[in-house]
Amino acid sequence: MSTNIESHLIEKRVFKPAKEFSKKAQISNFADYKKLHAESVKSPEKFWAKEAATLKWTKKWTRVLDWKAPFAKWFVGGHLNASENCLDRHLEGPRRNKAAIIWEGEPGERRTLTYHQLHREVCVFANILKRNGVKSGDRVLIYMPLIPEAVIAMLGCARIGAVHSVVFGGFSSESIKDRILDSGATVVVTADGGYRRGQIVSLKQNVDHALQGVEQVRRVIVFRRTHLDIHIQEGRDVWWHREAEYVDAKCPPHPVDSEHPLFILYTSGSTGKPKGILHTTGGYLTGTASTTKYVFDLRENDVYWCTADVGWITGHSYLVYGPLANGATCVLYEGAPNWPEPDRFWKIIAEFGVTILYTAPTAIRAFMKWGDEWPKKHDLSSLRLLGTVGEPINPEAWMWYHKHIGEGRCPIVDTWWQTETGAIMISPLPGATPLKPGTATLPFFGIDAAIVDDKGKEVGPNEGGKLVIRKPWPAMLRSIYGDKPRYRKQYWSEVKGCYFTGDGARRDKDGYFWIVGRIDDVLNVAGHRLGTAEVESAIVSHHDVAEAAVVGRPDELKGQAVVAFVTLRSGYKASNELAEAIRRHVAHAIGPIAKPDDVRFAESLPKTRSGKIMRRLLKQIASGSAITGDTTTLEDFSVLTKLRASDE
């Protein structure tokens, strides 16, 4: 029996780039992409050296790459500063007074910071850090709402060579504590609170709980956001605005080695145990700046909105470092997409004239569930490019996004990458690549991606296998912080000489990559290995369905039975007839082997705060076992309670 993942879902729709778009694009036709990609994979060091040269270096590198598998050093001997590349170098020309950040708080306040103003604020905060004893190499934990000060804190750390570790503002005190202890952070930057769905999230209170019994943190810097009454611990806690009175706005950027750590970002593994992904300065900045420029086809007058929080890698790479290194205007929004009404995103796009929107499939499926009438209320004609990130997008959600948000005229860049990869790895280039709903299409320049079987041999078209990267790339993680053996074992031991992504995938006859789900989530049904993403896509293509998650439960006869958790679109009701119709629909789309044994309707699905479905928990519910493992990343615990109740 083959252990390769099978693939049954076929997508025949193709959307070619519009001639008008291609005419002005960075890469304007498919032949150019293919030629440039072939050259870049043949000589990746040459390509990446050219991209790195667009950054400002205080000392040029002597060697592009030092590769002793699985450890890489990029731009060896080079010195630079990430904050200088995102700010100072834009101050010498017309970008000085260009908007760097346009921010809207959930209650409705707005602020715009030009590159000059952002530079000034970053210098002030860098000096606050220095005043409080922070030096190059020290770790600083940032736990903030999505306000400009979160970005200022990140760039302030980078300016003096401190290593930041951002924790999403929705995480619990336990999550904060784990990350402080693992990273060895001695300073925490937080706010009194932040706004989420009309409520104040007590951030400082969470920090206080996290620090009980933790003596290594000597300073907590608190920004006043909500004027919530909070506890200030004498000798440890200081107010940001008061500290600013003691420092000036001059802070020269501290040049660091290309391999100097820029940040540690914690990600949950499939076991639920968080791991600290370590990224360094020169390679990471090269990768994010390059991909931002080409994938989003960035132009000087774009108003770019990546809806991710800075607590996630998407926020690091495509809200802060990539766009600001390119001198872009970035929109930040603090709150929920459906507060106070489900049209908050569309209102922001219309009022700010957003031209590029980069969001997650889980958000798109929520918009579908809330109804088409909400985007219809607003003028979305400023949009010229759409993007998706975070997980594979099912074809029906892609089509909805294309029709209702892009109004049929905006290319969609469906990007595949990971916290570990640092930058986009597989994506269309909007002026060059013909698009197919549901596929991330083809690898970015310099990226040698392949699909292999269990023995590491590349498989043929439409055969499922393991997605691997065969050559190092600049933005790659350098290690798991403090645990090199785990880094080697987790990412470089599965397939010899390759980085193993943990994802299953296939390539179609045109070479396009289709991600079929995490290898950990593969369903083993009667000797067939099926990817969850394909079965979920088939379910969501049913007219009444907004979202679905598929897991396996033990079955004596088939090995695993397929259990589908289904959320319906607004206005549709659950019934046995509908469950049966969904089962027939999947059998028709994929084949009888994929037909769900159980269809369970749910108001909502358990998700992380970044919107990823926690299938690990659904597996436990489906099999009737106890909920175990880390649940600190779960956004809404009531979802689990309701699912459990419906199971009894």
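The values are calculated or read from the model by the stated rules, or taken from the named source; none is laboratory data. From a predicted model like this one, the values you see are computed outputs, not experimental measurements. Neighbour counts run over all protein chains shown; Cβ positions are idealised from the backbone, glycine included.
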Handout entry: Where residue 403 falls short, out of the listed (1) out of contact with any Lys or Arg (no Cβ under 7 Å at 6 or more places or on another chain); (2) crowded, with 24+ Cβ neighbours inside 10 Å; (3) of a type outside the set (S, T, N, Q)
Key = (2)
Problem - Filtered residue count, segment 548-576, keeping only those that are touching a Pro at 6+ places or on another chain (Cβ under 7 Å) and without any contact (Cβ under 8 Å) to a residue 40 or more places away in the chain - result: 3
Fill in the blank from the handout: Across segment 454-490, the tally of residues that are under 26 Å from residue 43 (Cα atoms) and either surrounded by fewer than 22 Cβ atoms within 10 Å (Cβ to Cβ) or not aromatic (Phe, Trp, Tyr) (or both) stands at 20
Fill in the blank from the handout: Within segment 536-574, residues part of a loop (DSSP other than H, G, I, E, B) and closer than 15 Å to residue 365 by Cβ come out as 541, 542, 543, 544, 569, 570, 572
Handout entry: Pair list, Cβ under 6 Å, 6 or more apart: segment 351-379 residue among the aromatic types (Phe, Trp, Tyr), other residue modelled with pLDDT of 95 or more
Key = 352/102; 352/303; 352/331; 358/306; 358/387; 370/342; 374/342; 374/343
Practice task
Sort out which residues of segment 570-584 are touching a helix residue (DSSP H, G or I) at 6+ places or on another chain (Cβ under 7 Å) and under 23 Å from residue 11 (Cα atoms), and write them in order of number.
Solution key: 582
Problem - Neighbours by Cβ (under 6 Å, 6+ apart or cross-chain): first from segment 610-630, over 16 Å from residue 549 (Cα atoms); second assigned to a loop (DSSP other than H, G, I, E, B) and modelled with pLDDT under 75 - result: 629/272; 630/272
Completion exercise
Selection from segment 14-65 of residues farther than 23 Å from residue 511 by Cα and among the β-branched types (Val, Ile, Thr) yields 54, 58, 62, 64
Practice task
Report yes if some residue within segment 514-523 is touching a Lys or Arg at 6+ places or on another chain (Cβ under 6 Å) and over 20 Å from residue 424 (Cβ atoms); otherwise report no.
Solution key: yes
Practice task
State which residue is surrounded by the fewest Cβ atoms within 10 Å (Cβ to Cβ) when the search covers only segment 575-604 and only residues that are part of a loop (DSSP other than H, G, I, E, B) and not aliphatic (A, V, I, L, M).
Solution key: 575
